[in-house]
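Taken together, the values in this text are just the output of simple stated rules run on the coordinates, not laboratory data. This one's a predicted model, so the numbers in the text were calculated from it and none came from an experiment. Glycine gets a Cβ as well: all are built from the backbone with ideal geometry, and neighbour counts include every protein chain shown.
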Amino acid sequence: MSYTSTLLPYDAVRITFNVRTELRMTDPVDGPCLERAVATAMTRYPYLCRRLVLEDGAYRFVANDRPIAVQPFTGTPGALNTPAVNEQLISVDYHDNVIAVNACHMLAGGYGQFELIRTIVYYYVAERYGVTPQVPGIRLAGESIPDDERAFPTMETLPAAEPPRGEAPADGAFPDADYELLAREPERFFDCYYQLEFDQAPFMAKAKAVNGTPSSLFSALMFRALHRAWPDRTLPIQVAVMHNFQNQVGCPDSTCDLVRGLLLRYPDSMADASLRELCTFSRSVIAQQAGAENAIADTRAALERLAEVEKRKTLREKLDYCAAHPFIGAKVKSSCVVAYTGRTEWGDLRRYILSDAALTDGHPLLEILSLGDKLFVGFQQILRDTKYIDALCRALEEEEIPYKVSGPFPKTVPGLYLPKE
């Protein structure tokens, strides 16, 4: 395999799919200490020290023995795969009390990226405060790296499965009007995010009471919010929920990017449904679409598409093939995206972190992160307008879900340099 992800760099809509994770620490960041922590942590993750090159008409990940760049933040993170970041697909910057890790999503999914971030923070805290943090399952330098840590499905290793179930994907309502507005009034463009903060215990108690999970609950709330924000739409609200298929495709411990979008299409007839009814509906759709048969069929189709792309000799031919045969995620439009990395165990590190946020491209997009006793939601958009965050806050208040909101904050996500013929 030439790639650790089915997000091909030949897909124009995916080449900037990078993630910036910001951790706000309790104290100002010690730059030299952070640089040493990153250098030590990367010895545990040599497979993430990569650059993207163009060889014989094909993109390839190759080893990069230069250090990961650790730099003061100047306002915009350096583009990945450029000399500014030692041609790496990961970089780290810092300012005030913020540590930020920038990473190309093709290297690793959210699970894999957070394993790296945990290790970096472990070594930073250990030196900065002279302690030995206790962190469940932490991966440390000097350990052997299990083969299954970078497992990726192949046609030969994919488990057998029944034919996929469910309806064919279809377009949902989409914020076309926002993009048309920005074309007319570019001064309204503002790539930003709001941060919502929840106390985890009461939030999860509420989710349990309405038969929900973080993903299904926020999907239901976004259905309500967008149903009100878009009264003139002609298509149903459809939420794309990101889901890691690692278990279903036989790679349960893999840090590779095995994430796909599940499409939750809400009938307008559910506009007045209770939150419990909405969450039950959401969970049933998630369970069906995340089933092994669908996951395996989707992965098999992605591998077949990758094989077809690699048959083309030139970069231009590969790009043209991908444009003519888009992957499933590019075939349909959704109203918003909800992504939940899952519960991350921080152990003793939690006392040194005030908040965290994962930033990437999307409008509107919710990135849900768990941090010990708190749940943080980054509500991301590209428009200088409060209609979406106001609608979501109204939905939260109607259900008496306590929260704090701050922002908007400017969003800065790194670009990615792709070599050209």
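Return the subset of LYS208/LYS387; LYS208/LYS331; LYS318/LYS420; LYS206/LYS387; LYS206/LYS404 for which the Cα-Cα distance in this structure is over 22 Å, preserving the input order.
Values: LYS208/LYS387 29 Å; LYS208/LYS331 34 Å; LYS318/LYS420 13 Å; LYS206/LYS387 25 Å; LYS206/LYS404 16 Å.
Pairs exceeding the cut-off: LYS208/LYS387; LYS208/LYS331; LYS206/LYS387.
Per residue, the average separation of C-alpha pairs within less than 8 Å and at least 6 apart gives the chain a relative contact order of 27 percent. Annotation: for a label point projected 7 angstrom from Cα along Cα→Cβ of GLU317, residues of the range 48-92 with backbone N closer than 18 Å are 54-60.
With both partners inside the range 281-421, how many of the DSSP beta bridges are antiparallel, as a percent to the nearest 5?
Working: 7 of 11 bridges.
So the antiparallel bridges in the range 281-421 amount to around 65 percent.
Gain on full extension, evaluated as 0.36 nm per residue between PHE189 and GLU398 minus their Cα-Cα distance, stands at 72.2 nm. When both bridge partners sit in the chain, DSSP labels roughly 80% of those beta bridges antiparallel.
Residues within the reach of a label modelled at LEU54 (point 7 angstrom out along Cα to beta-carbon, backbone nitrogen below 12 Å), restricted to the range 314-355, are 314-319.
Distance from the C-alpha centroid of the range 374-406 to that of the range 45-69: 39 Å, rounded to the whole angstrom. How many angstrom lie between the C-alpha centres of the range 168-234 and the range 298-372? Rounded to whole Å, the Cα centres lie 18 Å apart.
Which order do the peptides 46-54, 101-109 take when ranked by the mean count of other beta-carbon atoms within 10 Å per residue, highest first?
Working: 46-54: 18.3, 101-109: 25.3.
Those peptides, ordered most packed to least, come out 101-109, 46-54.
Within a straight-line Cα-Cα reach of under 12 Å, LYS313 can be paired with the following aspartates and glutamates, leaving aside sequence neighbours fewer than 8 residues apart in one chain: GLU55, ASP56.
Normalising the average separation of contacting C-alpha pairs (under 8 angstrom, six or more residues apart) by the number of residues puts the relative contact order of the range 176-410 at 35 percent. Under 1.5 on a/c is rounded, so check that first for the range 201-309, then, if it is not, pick prolate when a/b is larger than b/c and oblate when it is not; a ≥ b ≥ c are the square roots of the alpha carbon gyration tensor eigenvalues. In terms of gyration-tensor shape, oblate.
Please figure out what share of the DSSP beta bridges in the range 12-138 is antiparallel and state it in percent, rounded to the nearest 5. Before the final figure, lay out the partial values.
On the way: 19 of 22 bridges.
Counting only bridges with both partners in the range 12-138, antiparallel ones make up about 85 percent.
Largest mean-square fluctuation among ASP390, ASP257, ASP11, in a Gaussian network model of the chain whose springs join Cα atoms under 10 Å apart, belongs to ASP390. Across the range 61-198, the mean sequence separation of Cα contacts (distance under 8 Å, 6 or more residues apart), normalised by length, yields a relative contact order of 11 percent.
Only helices enter this figure: runs of n ≥ 4 DSSP H residues, each worth -39500 (n - 2.57), summed and divided by the residues of the chain, yield -9500 deg cm²/dmol at 222 nm to the nearest 500.
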